[in-house]
Amino acid sequence: MTAPKKLFVKTYGCQMNVYDSERMAEALGGQGYVTTDRADDADMILLNTCHIREKAAEKVYSELGRFKGLKEEKPDLKIGVAGCVAQAEGAEIMRRQPLVDLVVGPQSYHRLPELEAKARSGEKALDTDFPEEDKFEKLKGKRKAQRGPTAFLTVQEGCDKFCAFCVVPYTRGAEVSRPADRILDEARDLVERGVREITLLGQNVNAYHGAGDGGDWSLARLIWALDKIDGLERIRFTTSHPNDMGDDLIAAHGECSKLMPYLHLPVQAGSDKILKRMNRSHTAESYLRLIERIRAARPDILMSGDFIVGFPEETEEDFQATMALIEEVNYGYAYSFKYSTRPGTPAAERAQVPEDEKDDRLQRLQALITRQQRACQDGMVGREVGVLFEKPGRFAGQMVGKSDYLHAVHVTAPDVAVGEIHRVRIVDSGANSLAGEVIAPV
Ligand code: SAH
Ligand code: SF4
Ligand code: F3S
């Protein structure tokens, strides 16, 4: 028997890339590959890349440069670039970096076996098509043993919203929802492999409208169908757009006990002028009213968001409107970014805010967010929460997991096993996690 070939995959970007990286490893499993976590041990290196901000794309070129020595030592080593940078500038990568043997976009990676064979034969292999066929169906049945109690499941891909700053509609293509029965099959399969929490993924996951019994299903309908799967205990979804928060989804947050009380609902900015220029098609006010309705359905829900500072033409006054919105919402978690010009997007052509101004705004915004996050985490002390335990902690007898609200929680409880969900009383709030005591099994 020949020794298996080894595949090293490095993943950048969003959770959808994490999901895709697993699928790519499975696609190559049939070619005799097993995964390794060491690049210097690999027969094939795949970088699954992100194009969302300039820095993310630059990282790919610097990472590729670092493989030069490895390739000289091991001429049979194949190097591939996948994901959103591959989609956006695959041909240019091949030109600019001769080390690259293979380029594959996010919509065509089910073709990796053929691409790998082509690369092995010494040719350059590039595929950045948007094929008709369903890549997930092509890869069906290849899922390997599940390693932990939580899993991602992509239900929707692509985006038709064209926010003026964003590359996703170009790199991932048009919005497509997977049929409901295929998602439910994949979920059942995951649960059989020990998964207890599934996070449904999509660039606009709440715009989900997949074919199902009786017509198009909404995300809420899908969640209710998942709710009926025995053994599946927790459901989450990300990322949502404010314009796609349907009444049924808001209601599900109040009524579906398996749907966790955490909602990532990016607003990007608090100034209506900037929101309009971003092509967001919601206002600060409509977003705030939406959050009121969500909190009416589920008062304890933890809200998280994304913010961009220094979008073209953002003034100090516009920025202050973002700060005021943050004050009003009171986030439990948030991600914030300096606006980064992306070639080919409308905002890239506009007058830019100076870099030092962006730095200053980002610092002020992050200070506010950090205060809110801290207060939210500290406010958990004394409360009882459910915790799904994911792995042993750093100390003997310690187990760590995530609370219903997605906070990291550690307990000292030698009899608790990975995959168990327990009621936990939170007793302390540390730098990045909460300490708790197990009360009783759920
Ligand atoms: N589909 C999601 C998020 C996609 S990208 C949504 O609509 O909210 C994740 C986040 O990256 C965005 O929410 C935005 O805050 C940030 N982002 C996207 N493009 C960016 C750019 N050009 N510069 C800075 N941040 C950006
Ligand atoms: Fe990008 Fe806007 Fe689509 Fe989100 S909704 S993926 S930010 S274009
Ligand atoms: Fe990045 Fe592509 Fe995700 S650009 S954020 S990896 S969809």
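Annotations for the structure displayed:
- With the simple model of a label 7 Å out from the Cα in the direction of the Cβ, residue 300 to residue 351 spans 5.0 nm.
- Convex hull volume of the Cα atoms of the chain, normalised per residue: 160 Å³.
- Within the same chain, lysines fewer than 8 places from residue 402 are excluded, and of the rest, those with a Cα less than 17 Å from its Cα are 258, 391.
- Helix-only CD estimate at 222 nm, as mean residue ellipticity for the chain, using -39500 (n - 2.57) per DSSP H run (n ≥ 4): -10500 deg cm²/dmol
- Pairs from 59/276; 10/55; 135/338; 138/228; 5/138 whose Cα-Cα separation, in the structure shown, is over 24 Å: 59/276; 135/338; 138/228
- Relative contact order (percent, whole number), the chain, Cα cutoff 8 Å, 6+ residue spacing: 9 percent
- A cysteine counts as unpartnered when no other cysteine's C-beta lies under 4.7 Å of its own; in the chain this applies to 14, 50, 84, 159, 256, 376.
- Cα centroid separation, segment 9-29 to segment 200-261 (Å): 23 Å
- For a paramagnetic label modelled on residue 415 (point 7 Å from Cα along Cα→Cβ), amide N atoms under 20 Å away belong, within segment 388-406, to 388-393, 396-401.
- In segment 306-380, the ratio of gyration radius to Kirkwood radius, Rg to Rh, stands at 1.04 when only Cα atoms are counted.
- Highest to lowest packing among 75-88, 213-226, scored as the average C-beta count within 10 Å: 75-88, 213-226
- Extents of segment 384-441, taken as max minus min of Cα coordinates on every principal axis and listed largest first, are 23, 22, 16 Å.
- Segment 146-260 - accessible surface per residue (Å², probe 1.4 Å): 36 Å²
- Counted residue by residue at 0.36 nm each, then reduced by the alpha carbon distance between them, the extension gain from residue 31 to residue 320 reaches 98.5 nm.
- Carbon and sulfur %, accessible surface of segment 128-212 computed with the full protein complex present, 1.4 Å: 50 percent
- In terms of accessible area, using a 1.4 Å probe and ignoring ligands and nucleic acids, 185, 404 rank largest first as 185, 404.
The values are calculated or read from the model by the stated rules, or taken from the named source; none is laboratory data. Note that this is a predicted model, so its numbers are computed, not measured. Please note: Cβ atoms are built from the backbone with ideal geometry, for glycine as well, and neighbour counts cover all protein chains shown. Heavy atoms of the whole protein, side chains included, go into the accessibility calculation; ligands, DNA and RNA do not. Shrake-Rupley method; radii C 1.70, N 1.55, O 1.52, S 1.80 Å.
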